[in-house]
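Let me begin by presenting the structure, written as structure tokens, before commenting on it.
The values are calculated or read from the model by the stated rules, or taken from the named source; none is laboratory data. Note that the structure is predicted; figures quoted are calculated from it, not measured. Methodologically, a virtual Cβ is constructed for each residue, glycine included, from the backbone with ideal geometry; neighbour enumeration extends over all protein chains shown. Just the protein is used for accessible areas: all its heavy atoms, side chains included, with ligands, DNA and RNA removed. Shrake-Rupley method; radii C 1.70, N 1.55, O 1.52, S 1.80 Å.
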Amino acid sequence: MTRAAIPGLPSRYPIGELLPALYADDDLAQRFTAGLDTVLAPVLSTLDNLPAYFDPSLAPADFLPWLASWVGVEADPAWPVELRRAVVARAVELHRWRGTRRGLVERLRLCCGVHADIRDGGGATWSAEPGAALPPPPTGELLVRVWPVREGVAVDSRRVLDVATASCPAHLICRVEVLPGPPGEPEQTGS
């Protein structure tokens, strides 16, 4: 879409009406300013609607990639426009939680329409008790178990893997399991 030339777009501020009375009846001056109005009308219309360009829910679809670059988001052009709008709108919030379970769960819910259970196998732990048992050795993988938000909706495992891998720490391997529904209670480790 281009906003440079919109046939028949009227100017809200016709230049011919702003000329001194001497030129109000001058045919050449009126035709000349009408030509300028045709060129300037899209510019003035864009400026009049400028706040809408900065609102992801209202911005023209071709403006979204530029708006996404402002908030540091890569919205896949293959995604539906409404999803790209939602990702741009929630970008700051998602950046705040980046690198955490919550951040990955929220990103997967938004981008893939799934609930997620994240199992981090990086092996980091701590204890408030001196001499506590050491943690088990790290598995070296980030296990992402997902299931659809709505029953009967297929989960695109490739898309889930792409989103999860983009958020996965470099030292871990990301693995995705698609479940038919929510998993049972998580297993307790230790006493």
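In segment 59-69 there is no residue matching the filter, namely being of a type in the set (Ser, Thr, Tyr) and more than 30 Å from Arg96 (Cβ to Cβ).
For segment 79-154, list the helices (runs of 4 or more DSSP H) that sit wholly inside it and hold at least 3 residues that are touching a strand residue (DSSP E or B) at 6+ places or on another chain (Cβ under 9 Å); which are they? Steps first, please.
Details: elements: 81-89, 91-96, 101-112.
So the answer is 101-112.
Exactly one residue out of Ala116, Ala89 is modelled with pLDDT of 90 or more, out of contact with any Gly (no Cβ under 6 Å at 6 or more places or on another chain) and open to solvent by less than 40 Å² (accessible area, probe 1.4 Å), and it is Ala116.
Rundown of residues vs (1) touching a Gly at 6+ places or on another chain (Cβ under 9 Å); (2) acidic (Asp, Glu); (3) touching a residue at least 24 places away in the same chain (Cβ under 8 Å), yes/no style:
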| residue | (1), (2), (3) |
| --- | --- |
| Glu82 | no, yes, no |
| Arg96 | yes, no, no |
| Arg107 | no, no, yes |
| Ala133 | yes, no, yes |
| Ala166 | no, no, no |
| Glu177 | no, yes, yes |
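Taking the criterion of being open to solvent by 40 Å² or more (accessible area, probe 1.4 Å) and either aromatic (Phe, Trp, Tyr) or at positive phi (or both), the only residue of segment 140-167 that qualifies is Gly152. From the list Leu28, Leu44, Leu36, the one residue that fits, being more than 25 Å from Cys112 (Cβ to Cβ) and modelled with pLDDT under 90, is Leu44.
Please work out if Val176 is open to solvent by less than 40 Å² (accessible area, probe 1.4 Å), modelled with pLDDT of 90 or more and not in a strand (DSSP E or B).
On the way: open to solvent by less than 40 Å² (accessible area, probe 1.4 Å): yes; modelled with pLDDT of 90 or more: yes; not in a strand (DSSP E or B): no.
Spelling it out, it is not the case that Val176 is open to solvent by less than 40 Å² (accessible area, probe 1.4 Å), modelled with pLDDT of 90 or more and not in a strand (DSSP E or B).
Yes/no per residue for (1) under 30 Å from Val92 (Cβ atoms); (2) assigned to a loop (DSSP other than H, G, I, E, B); (3) open to solvent by less than 80 Å² (accessible area, probe 1.4 Å); (4) of a type in the set (Phe, Trp, Tyr):
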{"site": "Tyr13", "(1), (2), (3), (4)": "no, yes, no, yes"}
{"site": "Tyr23", "(1), (2), (3), (4)": "no, no, no, yes"}
{"site": "Gln30", "(1), (2), (3), (4)": "no, no, yes, no"}
{"site": "Ala34", "(1), (2), (3), (4)": "no, no, yes, no"}
{"site": "Val39", "(1), (2), (3), (4)": "no, no, no, no"}
{"site": "Pro42", "(1), (2), (3), (4)": "no, no, yes, no"}
{"site": "Ser45", "(1), (2), (3), (4)": "yes, no, yes, no"}
{"site": "Pro51", "(1), (2), (3), (4)": "yes, no, no, no"}
{"site": "Pro56", "(1), (2), (3), (4)": "yes, yes, yes, no"}
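Taking segment 58-69 as the range and being of a type in the set (Gly, Ala, Ser), in a helix (DSSP H, G or I) and free of Cβ contacts under 8 Å to residues at least 40 places away in the same chain as the test, the residues that pass are Ala68, Ser69.
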